[in-house]
Each structure stands twice: as C-alpha cells, then as structure tokens.
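Each remark here refers to the structure printed beneath this line.
The values are calculated or read from the model by the stated rules, or taken from the named source; none is laboratory data. Model, not experiment: these values are computed from the prediction. Methodologically, a virtual Cβ is constructed for each residue, glycine included, from the backbone with ideal geometry; neighbour enumeration extends over all protein chains shown. These accessible areas exclude ligands, DNA and RNA; they are computed on the full protein's heavy atoms, side chains included. Shrake-Rupley method; radii C 1.70, N 1.55, O 1.52, S 1.80 Å.
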Amino acid sequence: MDAKKIEQLTKKADQIGKLDTKQVMTWCDGCGNYGIQNALKRAIVLENIEQQKLLQCFDIGCVGNESDKVECYTIHGLHGRVLPLAVGAKIANPELTVIASAGDGGTFSEGVNHLVHAVRNDYPILFLLHDNENYALTTGQATATTPKGQVRNGTPDGVAQDPLNPLQFVLSLGPSFVAQTLSANVNHMTEVFQKALRHKGFAFVEILQTCPTYNKQCPNEWYAERVFEVEKLKNYDCRDIWQARKIVAETGKFPIGVIYENLQKKNFLETVPHREKRKTTLIEEVAHTDITKFLGKL
Ligand code: SF4
Ligand code: MG
C-alpha cells in the first residue's frame, strides 16, 4: 500500500470505526471473514459512501454472521436468495449503495439461477462471493467449488466430481465487471472493493476465502503461492473478454485484480424505458399508496 493510501486511512480511522457495532465476533480464529470485513469497511469509507445510504444484504452461511457486525442498514435473508433481495431493494430505491454477500454453497447450488439473471440484467449492485470451498456453517460439507478429490464432512472418500469455476461461469454470461481477490490480503481486497463500488453495473467479486476449520487443504500460504496480479502482466487488457476467459481457465493458478470490465454495457436501471421520465423512486410511490382497503379483508 502506498503512503498516500496509508495517510487517507489514518485520517478516516474514526469513520471506519463508526461502521463497527458492539456485537461480539463469532467466527473461528484465523477465519478469512475478519479480513474481508475490515477491507470492506475501509473501501466503503474511502469511497465516501454514507452509512445512511448503504444497505448490506447477507445470505445464510458464515458470511451472514456479519449482518449484525456492521453499522448500516442490513438484511439477513434466506439461503441462496440474497441476490433477489438486494436487487429488489436497489430497484425500489436506486439512491442506495447495495452490497450483497454470499458463500459458494448458497450461490452455486440453491441460488445459482439468481446469479445468472443478476449478471445478464446487470443490476447495479456489488456482489461479494465468499468462496471457502465448503458449506462451513453446517460443519464443512462439499460445495460445487470444492476441488476434486478433497475430503469434506459428508464425502470422506473425497469429492468425485470436477469443481465449477466461478469466474469461467460468470464470464460466460456477458458480465460488466469481474474481479478476484484474496481474504489474506486486506490491502488488495480494499482496492478491488473500491473499484467494484465505483462500477455502475453488476460488480462480481470472488474472494478466495480461507476457512482454517473445514478447508485445511487451502490455507493462506497455499493461496499466496498460487495467486498472481493481472495488473502486473504485460499486455493484459481487462476490456478483452477472451483474454479474461483464457486467464481464468488456467488450472492451479489464481489471477487476482480486475479480470474483466465492460464500461459500455448499460445497467438495468438505464434500460427500463417506462421509468425514464419518473422523478420519484418506487419506494416513494409505494409510500403514498393507501393499502387500508386491502388490510380490511384480512
Ligand atoms: Fe470461518 Fe470456516 Fe469458521 Fe466459518 S467455519 S467461521 S468460514 S473458519
Ligand atoms: Mg462456503
């Protein structure tokens, strides 16, 4: 991290602290969620996002335990359903900055349909995938991203199938922003989250998250030996979808940074013609609707 960034963070330390609550952390020692939470709070403050205009939505999972540890509007939703929840809130009140966080289990099993349409529609929210390669909250069962052959609770002989590659999957759907970062590297996460928060469409960020309790095969050191920064590569152009698709297909290595960005794509709110001339938000219109006649029928 450069000196300018350190100075910025020092000046804004109080503001970052205001995003903390008094709730006690319940994650295991060494869990990647601690770093993710710190980096996200830093990025929110560095991007001057007001607490009163910030909504964070959480899926079920260890990630969801953050819902009462951050001082802003939060919703802890149903398993796999965080995306429709977050998207609904954003469409109703576009003035909000909306961040949705979910794990690999909920995202690529129960909720994979929602991810497809969130990318396709380019809903203007930030989505953070906490990928620790297991269903950690339910004591470590295999998910769609658990590497082949690795043992988890429920698969003592090792997972028999090839894993799903989240970045390959999302890049095949025509996204506007795809990035990857590492839970052990708070500075890198902060920078990636800042860029993602600035993006005007659906920003998909995969976090390679360590889970020392149930994914002992992939500790921080294991990832550190295998990641490389795309920004340091000669001739890598993150506007080129084919370069992006090629780089994420390499096995055994993990590109980090902004993998792909399409600044030309219109987000969902820019493509809804019937709302073009409206000066009010949906939430303001609903607030003035008299629903008492419906309540009388209950
Ligand atoms: Fe973190 Fe894993 Fe513990 Fe969950 S089980 S809190 S992901 S270390
Ligand atoms: Mg998980």
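Summary table below
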item: Tally of residues being acidic (D, E) and without any contact (Cβ under 8 Å) to a residue 40 or more places away in the chain across the stretch 192-221; result: 1
item: Any hit, the stretch 279-289, residues being small (G, A, S) and either modelled with pLDDT under 80 or surrounded by 10 or more Cβ atoms within 10 Å (Cβ to Cβ) (or both); result: no
item: Extreme residue, nearest to ligand 1 (Cβ to nearest atom), among residues of the stretch 1-54 that are among the β-branched types (V, I, T) and open to solvent by 80 Å² or more (accessible area, probe 1.4 Å); result: T26
item: Segments classed as strands (runs of 3 or more DSSP E), wholly inside the stretch 1-111, with at least 2 members that are within 16 Å of ligand 2 (Cβ to nearest atom) and touching a residue at least 40 places away in the same chain (Cβ under 8 Å); result: 97-103
item: Odd one out for H114 among (1) assigned to a helix (DSSP H, G or I); (2) open to solvent by 40 Å² or more (accessible area, probe 1.4 Å); (3) under 26 Å from K279 (Cα atoms); result: (3)
item: Residue, surrounded by the fewest Cβ atoms within 10 Å (Cβ to Cβ), within the stretch 118-140, restricted to residues that are within 10 Å of ligand 1 (Cβ to nearest atom) and part of a strand (DSSP E or B); result: Y135
item: Near pairs, Cβ below 8 angstrom, 6+ apart or cross-chain, from the stretch 123-135 (closer than 14 Å to G61 by Cβ) to any residue that is among the acidic types (D, E) and open to solvent by less than 10 Å² (accessible area, probe 1.4 Å); result: L129/D104; L129/E206; H130/D104; D131/D104; D131/E206; N132/D104; E133/D104; N134/D104
item: Test for K216: is it more than 16 Å from ligand 2 (Cβ to nearest atom) and surrounded by fewer than 20 Cβ atoms within 10 Å (Cβ to Cβ); result: no
item: Some residue of the stretch 151-174 being surrounded by 24 or more Cβ atoms within 10 Å (Cβ to Cβ) and part of a loop (DSSP other than H, G, I, E, B); result: no
item: Positions within the stretch 64-111 being under 25 Å from L208 (Cβ atoms), open to solvent by 10 Å² or more (accessible area, probe 1.4 Å) and among the charged types (D, E, K, R), in sequence order; result: K69, R81, E110
item: Failed condition for Q264, given (1) open to solvent by 10 Å² or more (accessible area, probe 1.4 Å); (2) closer than 30 Å to I91 by Cβ; (3) part of a loop (DSSP other than H, G, I, E, B); (4) touching a residue at least 12 places away in the same chain (Cβ under 8 Å); result: (4)
